[in-house]
Each structure stands twice: as structure tokens, then as C-alpha cells.
Amino acid sequence: MKSDFSSRAHDALNNPQLRRNFRRAMDGLMSKRAVQFADQDDWAALRARGAAIKARALARLPDLLEEFERKATANGIQVHWAETTADANNIVLGILTAHGAKRVIKGKSMVSEEMHLNAHLEAHGITAVESDLGEYIIQLAGEAPSHIVMPCIHKNKGEIAQLFTDNIAGQPYTEDVDALTAAARKVLRREFANADAGLSGANFLVAETGSLVLIENEGNGRLSTTLPPLHIAVTGIEKLVEKLDDVAPLLALLPRSATGQPITTYVNMITSPRKEGEKDGPRQVHLVLLDNGRSRVYADLQLRDTLRCIRCGACMNHCPVYARVGGHTYGSVYPGPIGKILTPQLAGLDCAGDLPHASTLCNACVEVCPVQIPIADILVQLRTEAAQPSQAPGVKGAGSNTSLVENAVWKGWQAMNSSPAAYAAATRSLAVIGNLIPAAAPMLKQWTSVRSKPKFAGRTLHQLARDKGYENE
């Protein structure tokens, strides 16, 4: 389905409550992050190290993926490869069906959102319940996440209170945050205890040890991956790092960039299923590695930098466009600046070619990215690819915005500026045409009436420079 950012943005801009919700949230997040990175020298050194870690991993990605599979398999984790989201959905469904699982408790996972996994499981008689509080709230609302770290950031306390009253039996209306959290906890504790399987994402994969790293604040991820007898993790192939030592700098960057915390409450390292003599943990651990166009992104040396992303959300927290229109306006799983470069590459410029244009190119996202992704440069490249595809490894849907009229205009501009005679003739003609604009286009009359009409230059800038003796300076 083709994206229509403009019409959704128009609706969002005319929703004052939505704009207030986002403005308040973004101001708070920016302030908290600024406190964490008050020392600019420390920030510069740490983000340079984070960028180097991700760049090094991407440079060796094919080899590291094979190394990770060997180590994880030796540890007892079953690794599955999925080229498309349909493949990934079928792999997850097959594992659950083989174990007779009918109820799944889910930790937070953006890749599962990318797969639309919940709907796929529901269609096959399997219920999936989100255990992250934000994800649980938007599941009750029947909505998609509006932020990759804080899924329900677009809702205020009153909206959440009404949602709980409408969907949780016996829940009275209250805007007390502790009471609302307790109500959700009461429901979710039963789900943890009764789930046939737990599902999670992964923040990082460590090739050296074959480990999955998950970070969280609520403890729901640890419960989802420990209590049920079966754990399935789904993640993209780009989440790999080379060594265990690489994890610590990234953990110092991610929560501070995302929510302004020095570190998250829980850091989970999963390296194997339950071993003999251990009292808890799943009997089986499965990992589904999703490509879904990532290999195509990887093939382009500039676009490859997109895959450095550690999903902190700092770029959208500081984006003036995102703060005014919210995440749902982007019409995709990944909103904000990272979504503007990732979604067009995964879905295709023919489907999401308007997203690279939903930017002021102010560079705020680049300045706060903890792994130095050149988002603005990639936006410009994608805009170019949409109009004039390069011969480099193809961007999906490249050339979808090609315009014969626009190409003809630029060729005419080139021809005009390549010849002094053509330039003189064209400027003379344009001076005459400029005086006719108000009559031909009345809507431009006010604009042209307060501006001087261009006069015929007679001589080109090159000729004037030569006459003045500036040509060789």
C-alpha cells in the first residue's frame, strides 16, 4: 500500500491534544538526555566508540552471522533463518504448533511488529498478549506503536484510564499512575503463569558467545523468557556485535539516549535453554533471524549505515517533524528519522517514497544519534534514487518518482547555462514572461506585485567576471 504522509500529517496537525501530548513528552526526553550527556567530550568519545563497534560488525556481518549460529547452536539455541516476514511468521507458527502452544506472552519486539506477528497467530487460533506496559496499552486500543521505545507516548493519563475501564473487568476509572500500573500487573501476572510460550526480541546478538542481550525496565522481558517452557526470540540480522566487550559501550549509550537513564533496570543475557540441574528457564530456546530486505540495504555502502541503528529513539525525540505529527503519521512500524530512511528501503520507494521528503534536513537527528548514522545524507540519497536511480546495488522501488517533465526542465536549464547565447535569449524571454505572470496566474499577482521583475542581463556572469579580470583569481 502506498504511503500518504501528507494527508495523515494534516490530520495530526489539526489534533491539538495529540500535539500537546507529544510536545510535553519530547521536551522531557530531550532534557533528561541532555543531563546524561552533559560532558560533551565524554559524549563524543563514547558515540565514536559505539559507531566503530557497529561499523566493524557490519563490515564482517556475513562471517559473524555464521560464527553466531555455530556458537548459539553449540549452546543449545535453535537458530532459524527467515528471508521475508511471511517466512518468519510461518517459522514461529510452526514452532508453536509443534509444541501445542495456544497462548503466548510477549516481551517488547519491534521486529514482531514488522512481521505483524500477533495478527498472524490470531488467525491461526493462538492468542498473543503483550507484556510491556506500553505495548499492552496499545494492544487494548487496537493501535500500532507510535514510538519505538515508548509505544503509547501519544496517549495521556485520562485516555489510558478510560481504556482500562473499558477493557479490564471491574476496573474503576482512575488517573492514578500507580493504580493503573497495578491493574495491568494483575492481569499480566496471570498471563505469565499460564502462557505456553514466551516471545521476545533482542537488543544485541553476540557472535563471540552466541548470546542474546535484552534490556528492559519492567521485568516483563525476564518473565516472558524465563517462566514459559518455550522461548522464541525474533530479531533482524543487523543486531549482531562481534564481542561481549562491545556490549558495555552500547549499553552506556542506548538507555541514556532513549529515556535519559544511566542504565536500564534489567540487562538479560540469554546463552542457552535450561541446563541439567537448573531450576528455571525455558526447556527450548529458538531464535528467528529476519532479513526482510536488510541484505539489500547492506549491499549499498552508504545505505548500509542505516543498519547501525540500536533503536534508541533519540532521533525522533529531537525531530521537529515527529514532535508535531507523531508516530502514526508515518504509516509504518518505524517512525521518525530512522523510519524515513529504513522504511523506504525495506518496503520500497514506490510504497514509501514520500517519507524521505518528510524532513527539514535540520540535522538534529544526526547530532544526537549515538552511533553516528548520517541520516540527512541518506535522506538526500533516497530522494535522488527515487528520481534518478544510480547504477549501485538497487534500492527497492528506485525511480518511482521519475518525472519526464522535471527531467526535461533540468535538461533545458543545463542547456541554457552551457551557452552564453542560449542564456542571453532565455533571460530575455523570462523577463518578458515574468511580466505576464499575474495575468496568466491570478493567484500569483500578490506575490509578483511586491517584487521587481527580472530584467534582461545582457551578459552572463562568466562574461562579466572576465571583463572585470576576476576569471583567473
Seminar exercise, completed: Checking every Cys Cβ in the chain against the others at 4.7 Å leaves as unpaired Cys152, Cys309, Cys312, Cys319, Cys351, Cys362, Cys369
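Accessible area per residue for the chain in Å², computed with a 1.4 Å probe and the full protein assembly in place, what is it? Mind showing how you got there, number by number?
Working: 22390 Å² over 473 residues.
Dividing the accessible area of the chain by its residue count gives 47 Å².
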Problem set entry | On Cα atoms only, tilt of 61-75 relative to the major axis of the chain in degrees | 10
For this session: Below 21 Å Cα-Cα, how many Lys pairs turn up in segment 53-292? Only count pairs eight or more apart in sequence, or on different chains, if you could.
Result: 13
For this session: Could you let me know the centre-to-centre spacing of segment 20-42 and segment 285-342, using Cα atoms, in angstrom?
Result: 21
For this session: Could you tell me what percent of the accessible area of the chain is made up of carbon and sulfur, with a 1.4 Å probe and every protein chain present?
Result: 55
Exercise. Which angle from 0 to 90°, rounded to the nearest 10, does the C-alpha axis of helix 420-440 make with the longest principal axis of the chain?
Worked result: 80
Exercise. Where in the chain lies the longest segment free of chymotrypsin sites (Phe, Trp or Tyr not before Pro) that are both loop residues by DSSP (not H, G, I, E, B) and have at most 14 other Cβ atoms within 10 Å?
Worked result: 174-455
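Which net charge results when you count Lys and Arg as +1 and Asp and Glu as -1 among the other residues whose beta-carbon is under 10 Å from that of Ala12? Could you put the intermediate results ahead of the total?
Working: positive: Arg8, Arg19, Arg324; negative: Asp11.
Summing Lys/Arg as +1 and Asp/Glu as -1 gives +2.
Run through the DSSP bridge list for segment 53-292 and note the antiparallel percent, rounded to the nearest 5. Write out the running numbers ahead of the final one.
Values: 8 of 33 bridges.
Antiparallel: roughly 25 percent of the beta bridges in segment 53-292.
Could you size up the charge dipole of segment 53-292 around its Cα centre, putting +1 on the beta carbon of Lys and Arg and -1 on that of Asp and Glu, and report it in debye to the nearest 20? Let's see the in-between values first.
Values: 23 positive and 31 negative charges, 118 e Å.
The calculated dipole for segment 53-292 is roughly 560 debye.
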Exercise. Where does the chain land at 222 nm, in deg cm²/dmol rounded to the nearest 500, when only DSSP H runs of n ≥ 4 count, each adding -39500 (n - 2.57), divided by all residues?
Worked result: -16000 deg cm²/dmol
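I want the antiparallel fraction of DSSP beta bridges within the chain, as a percent rounded to 5.
Numbers: 8 of 33 bridges.
Counting DSSP beta bridges with both partners in the chain, the antiparallel share is about 25 percent.
The values are calculated or read from the model by the stated rules, or taken from the named source; none is laboratory data. This one's a predicted model, so the numbers in the text were calculated from it and none came from an experiment. In this analysis, Cβ positions are derived from the backbone assuming ideal geometry, glycine residues included, and neighbour counts consider all displayed protein chains. Note: accessible area is taken over every heavy atom of the protein model, side chains too, but ligands, DNA and RNA are not part of it. Shrake-Rupley method; radii C 1.70, N 1.55, O 1.52, S 1.80 Å.
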